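Asks: Take this structure first; my questions come after.
The numbers here are math on the coordinates, done by the rules we state, and not lab data. Remember, it's a predicted structure, so these values are computed and weren't measured experimentally. No Cβ is skipped: glycine too gets one built from the backbone with ideal geometry, and neighbour counts run over all protein chains shown.
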Ligand code: PMV
């Protein structure tokens with residue numbers, strides 16, 4: 001055991017601007033790393049395998065079922081590193097609210113893989129990282145598209161299509177600001193993805209049209225961004241929320257915050273991520289409007305809000 005050695009790994013939260021759920025069916029999505037929130041993992045020598053995080057502190061073998069995907073990513077990473085019999089303490093600290101559509105489970109897995117590779121002095125490429133994280137995501141989410149792993153591990157916005165090489169994408173819209181608001185309710189990504197799959201099986205023709213429409217709206221959103229058209233982007237976000245409601249992945253709290261944002265001058269608003277709780281996003285045409293919308297969302301029950309500029313940073 002290397003007594004001096006420590007390993008560190010970090011990953012950010014992520015926001016899906018457009019294309020959640022339809023991305024699982026091969027349609028494109030736009031997402032970006034949300035660096036306001038992040039997760040870090042530290043690895044240090046220990047005589048037992050110990051995990052210390054918000055949900056549990058103790059021997060890894062006794063971690064609760066909700067941490068099954070993290071246990072799996074630790075096991076798979078040690079196997080990839082051919083270090084199966086090593087013991088150490090993993091300490092995970094996070095500012096990403098869990099189960100809010102911000103990709104916390106993928107970000108936790110990314111930071112663990114990076115920390116373990118760092119601990120064993122092995123470079124961690126995206127080619128090695130993403131399959132390990134997606135395996136953990138399969139346990140956490142059932143049928144992940146891979147967008148969370150890609151967005152939480154990178155530094156750039158992505159135009160993402162499942163199974164295709166990552167395409168980074170300049171997400172710059174002059175003077176535009178995105179407000180992210182947390183309903184304070186745990187999202188239910190796994191159940192929502194499963195229920196959309198059931199809906200799809202029951203009514204393939206109609207549901208596939210809604211999924212295609214979400215894909216089409218994502219392509220229009222890309223166009224609006226590339227032409228620096230915040231007003232069109234806002235309208236497209238509103239239309240996407242309607243489609244996501246049809247897929248049954250919104251809920252009353254998300255709908256109420258979306259309405260509140262629009263009533264307070266947002267150019268558009270929609271849920272983000274898995275839905276049924278978690279977060280919504282709204283687009284504003286100035287910092288001043290963004291601050292007003294964020295305050296209105298908090299008065300309407302949002303538990304936390306963040307504001308991010310979408311314009312080129314000077
Ligand atoms: O709720 P989150 O942050 O895990 O986002 C899930 C995004 C989905 O499109 C609903 C599922 C997926 O794997 O792409």
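Asks: With respect to the numbered conditions (1) within 13 Å of the ligand (Cβ to nearest atom); (2) part of a helix (DSSP H, G or I); (3) surrounded by fewer than 24 Cβ atoms within 10 Å (Cβ to Cβ), which one is the sole condition not fulfilled by residue 152?
Replies: That leaves (3) as the condition not met.
Asks: Looking only at segment 177-195, filter to residues that are out of contact with any strand residue (DSSP E or B) (no Cβ under 6 Å at 6 or more places or on another chain) and buried (at least 24 other Cβ atoms within 10 Å of the Cβ); which one of those is farthest from residue 14 (Cα to Cα)?
Replies: 192
Asks: Examine segment 56-70 for a residue that is part of a loop (DSSP other than H, G, I, E, B), under 21 Å from residue 138 (Cα atoms) and more than 16 Å from the ligand (Cβ to nearest atom), and state whether such a residue exists.
Replies: Yes, segment 56-70 contains at least one residue that is part of a loop (DSSP other than H, G, I, E, B), under 21 Å from residue 138 (Cα atoms) and more than 16 Å from the ligand (Cβ to nearest atom).
Asks: Given (1) surrounded by fewer than 22 Cβ atoms within 10 Å (Cβ to Cβ); (2) in a loop (DSSP other than H, G, I, E, B), where does residue 209 come up short, assuming only one miss?
Replies: Only one criterion is unmet by residue 209, namely (2).
Asks: Pairs please, first residue from segment 250-275 and more than 21 Å from residue 186 (Cβ to Cβ) and in contact (Cβ under 8 Å) with a residue 12 or more places away in the chain, second anywhere and part of a helix (DSSP H, G or I) and within 16 Å of the ligand (Cβ to nearest atom), Cβ atoms under 9 Å, 6+ apart in sequence or on different chains.
Replies: Hits for this filter: 266/237; 267/237; 268/237; 268/240; 268/241.
Asks: If you check residue 242 against the conditions, is it over 20 Å from the mean Cα position of the chain (by Cα), free of Cβ contacts under 8 Å to residues at least 40 places away in the same chain, under 30 Å from residue 212 (Cα atoms) and within 16 Å of the ligand (Cβ to nearest atom)?
Replies: Considered against the rule, which asks whether it is over 20 Å from the mean Cα position of the chain (by Cα), free of Cβ contacts under 8 Å to residues at least 40 places away in the same chain, under 30 Å from residue 212 (Cα atoms) and within 16 Å of the ligand (Cβ to nearest atom), residue 242 comes out as no.
Asks: Sticking with this one: Which number in (1) surrounded by fewer than 24 Cβ atoms within 10 Å (Cβ to Cβ); (2) within 16 Å of the chain's Cα centre (by Cα); (3) touching a residue at least 24 places away in the same chain (Cβ under 8 Å) marks the one condition that residue 111 misses?
Replies: So the condition that residue 111 fails would be (1).
Asks: Would you please name the residue that is nearest to residue 211 (Cα to Cα), looking only at residues in segment 6-39 that are away from the ligand (no atom under 16 Å from the Cβ) and in contact with a helix residue (DSSP H, G or I) (Cβ under 6 Å, 6 or more places away or on another chain)?
Replies: The qualifying residue nearest to residue 211 (Cα to Cα) is 10.
Asks: Among the residues of segment 71-78, are any within 12 Å of the ligand (Cβ to nearest atom), touching a residue at least 60 places away in the same chain (Cβ under 8 Å) and not in a loop (DSSP other than H, G, I, E, B)?
Replies: The answer is no, given that none of the residues of segment 71-78 is within 12 Å of the ligand (Cβ to nearest atom), touching a residue at least 60 places away in the same chain (Cβ under 8 Å) and not in a loop (DSSP other than H, G, I, E, B).
Asks: Of everything in segment 137-149 that's within 12 Å of the ligand (Cβ to nearest atom) and part of a helix (DSSP H, G or I), which residue is surrounded by the most Cβ atoms within 10 Å (Cβ to Cβ)?
Replies: 148
Asks: Based on what the data block shows, is residue 185 outside any helix (DSSP H, G or I), under 30 Å from residue 264 (Cα atoms) and more than 13 Å from the ligand (Cβ to nearest atom)?
Replies: No; evaluated as a whole, the condition is false for this residue.
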